[in-house]
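First comes the structure, then the notes that go with it.
The values are calculated or read from the model by the stated rules, or taken from the named source; none is laboratory data. From a predicted model like this one, the values you see are computed outputs, not experimental measurements. Here the Cβ positions follow ideal geometry from the backbone for every residue, glycine too, while neighbour counts run over all protein chains shown. Please note that ligands, DNA and RNA were not included when accessible areas were found on the heavy atoms of the full protein model with its side chains. Shrake-Rupley method; radii C 1.70, N 1.55, O 1.52, S 1.80 Å.
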Amino acid sequence: MTYRSTYQAATNSAPAIESHFQRLLAAASGDDDSLLAPAPPLQVISSIIDVAFWASLRREEGRSPKISLAYLPPLLAGQPLVFEEPILLTTYVLTKLAPAVERSGIHLGVWDEDGELYVWGTTRSIPDCCFVLEVIEPGLLVVKHRRIKGFGKFINVAVLKGDEIKIIDGDSSSLPDCPAMLTSLLDYNSPAGWNDSLNVLVQLAASMRAHGHGGSLLVVPAGSDTWRDSIIHPITYPVAPAFDELKTLMEQKANKRNLLNWQEDVNRTIESVAGLTAVDGATIITDQMQLLAFGAKIGLSSNGIPVERMLVTEPVIGNIGTIIHPSQNGGTRHLSAAQFVFDQRDAIALVSSQDGRFTIFSWSPCDGIVHAHYVDALLL
């Protein structure tokens with residue numbers, strides 16, 4: 001391939017990304033039922049990242065491009081829209097095509113031929129393990145792939161922002177006390193489908209982050225009222241009886257005929273519940289996806305002990321956990337979430353900031369401390 005990268009982060013990140021996809025394909029190749037995308041070679045990875053990065057800094061009619069590139073041949077793309085002649089992959093081409101493909105779920109198909117990379121058309125259908133590069137905003141790129149035999153949030157592999165590189169550490173999911181939701185975000189071998197409540201939590205988190213208002217979601221055990229000891233009463237917006245549409249949808253068995261409609265129903269309900277987190281105060285749901293309240297104010301429980309210490313980590317390679325006072329982690333929303341988990345140790349708290357930062361708070365029995373997991377790199 002004659003293309004030479006000039007974006008240093010593209011060259012530096014490519015080996016780790018190539019290694020991830022090699023492991024991914026090796027793990028998935030034993031399943032004869034899976035249609036798998038080819039593993040992207042090192043030079044292909046570096047070149048696609050480089051072109052996409054420089055394209056992200058350009059503007060067309062006053063707008064920055066938002067693009068999703070998928071590395072696969074047309075034969076693996078279902079029913080794609082194929083150009084009569086493939087177009088050489090350049091920053092100019094990406095900038096010009098961006099307005100046509102900026103809606104969610106549309107990918108520009110990229111493939112190599114005779115040592116060059118070409119855009120061959122567009123597709124909404126990609127196979128498992130397909131290399132996808134998404135341009136989020138100028139200078140911010142995410143490498144990801146579809147979950148094996150699963151729906152919902154793609155698995156992020158790497159996040160590049162300017163000269164900053166974050167390679168997701170998949171081994172974080174095997175650490176003691178790792179919350180099940182974080183495991184679902186990290187585990188690319190898990191075929192977690194839409195009937196998995198953990199995957200619904202992931203979708204709720206992504207939707208909370210997307211609405212941009214910031215918010216808190218408290219996930220409490222079903223059938224228990226102990227969480228009320230940490231909430232100031234009266235609750236502003238209690239829900240009675242509990243809103244259980246998500247729970248009902250998860251219990252349904254969708255067949256191939258109504259699968260698309262079922263997913264659309266799930267998406268709409270997730271958006272509705274996530275929208276409630278934009279209201280001042282916390283939204284409360286059970287681990288069975290039953291909505292109990294929103295706009296709730298978190299207070300000190302009857303034990304009267306304020307949280308004093310918190311472990312902070314991020315599931316990226318090279319990250320080292322640090323212990324801080326919860327007040328150093330953010331504003332009132334983050335402090336109250338840490339306090340809630342300190343008091344209600346069988347619950348978790350999801351907190352989204354207006355700037356896009358997203359944190360999962362959980363109790364770590366091994367360390368005897370509130371553990372704050374920064375996961376915005378997984379939700380982009």
Rounded to the nearest Å, the spacing of the alpha-carbon centers of the stretch 294-343 and the stretch 61-77 is 39
Gln288 to Glu85: FRET efficiency via 1/(1 + (r/R0)^6), r the Cβ-Cβ distance, R0 45 Å, to the nearest 0.05?
0.25
To the nearest µm²/s, what D does Stokes-Einstein give for the stretch 48-130 at 37 °C and 0.692 mPa s, using the Kirkwood radius over alpha carbon pairs as Rh?
256
Which value, in debye to the nearest 20, describes the size of the charge dipole of the stretch 1-138 about its Cα centre when Lys and Arg Cβ atoms bear +1, Asp and Glu Cβ atoms bear -1, and nothing else is charged?
540
Computed from the beta carbon distance with a Förster radius of 41 Å, FRET efficiency for Thr332 and Glu264 to the nearest 0.05 stands at 0.70
So what's the back-of-envelope 222 nm ellipticity for the chain, counting only DSSP H runs of four-plus at -39500 (n - 2.57) apiece and dividing by all residues, rounded to 500?
-9000 deg cm²/dmol
Just in the stretch 200-268: which trypsin sites (Lys or Arg not before Pro) are loop by DSSP and have at most 12 other Cβ atoms within 10 Å?
Lys253, Lys256, Arg257
For Gln8 and Arg59, calculate 0.36 nm times their separation in residues minus their Cα-Cα distance, and state this gained length in nm to one decimal.
16.2 nm
May I ask you to order 95-104, 362-371 by the average number of other C-beta atoms within 10 Å around their residues, highest value first?
362-371, 95-104
Relative to the longest principal Cα axis of the chain, at what angle does helix 91-101 sit, 0 to 90 degrees, rounded to 10?
60
Largest first, what is the accessible-area ranking of Glu164, Glu18 with a 1.4 Å probe?
Glu164, Glu18
Probe of 1.4 angstrom, ligands and nucleic acids ignored: what's the accessible area per residue over the chain, in square angstrom?
45
Quick one: go through the stretch 101-133 and flag any residue whose amide nitrogen is under 17 Å from the point 7 Å out along the Cα-to-Cβ line of Ser29.
128-131
Asp163 versus Asn319: modelled label distance in nm, points set 7 Å from Cα along the beta carbon direction:
2.3
Lys/Arg Cβ at +1, Asp/Glu Cβ at -1, dipole of the chain taken about the Cα centre: which of Thr248, Gly214, Phe131 is farthest positive-ward?
Gly214
Calculate the dipole size of the stretch 225-380 relative to its Cα centre from +1 charges on Lys and Arg beta carbons and -1 charges on Asp and Glu beta carbons; express the result in debye to the nearest 20.
160
With only alpha-carbon atoms counted, please give the Rg and Dmax of the stretch 268-380, in Å.
14.1, 40
Please list log₁₀ I(q)/I(0) at q = 0.07, 0.10, 0.12, 0.14 Å⁻¹ for the chain, using the Debye equation with identical point scatterers on the alpha-carbon positions.
-0.33, -0.68, -0.95, -1.22
Run the numbers for Lys297 and Cys366: contour at 0.36 nm per residue of separation, minus the present Cα-Cα distance, in nm.
21.9 nm
Over the stretch 1-150, with every protein chain in place, what whole percent of the accessible area is carbon and sulfur at 1.4 Å, could you tell me?
50
Can you spot the aspartates and glutamates whose alpha carbon is less than 14 Å from Lys66's alpha carbon? Ignore those fewer than 8 places along the same chain.
Glu102, Glu134, Glu137
Under a point-charge model restricted to the Cβ atoms of Lys and Arg (+1) and Asp and Glu (-1), what is the dipole moment magnitude of the chain relative to its Cα centre, in debye to the nearest 20?
580
C-alpha long axis of helix 8-28 to longest principal axis of the chain, angle in °:
80
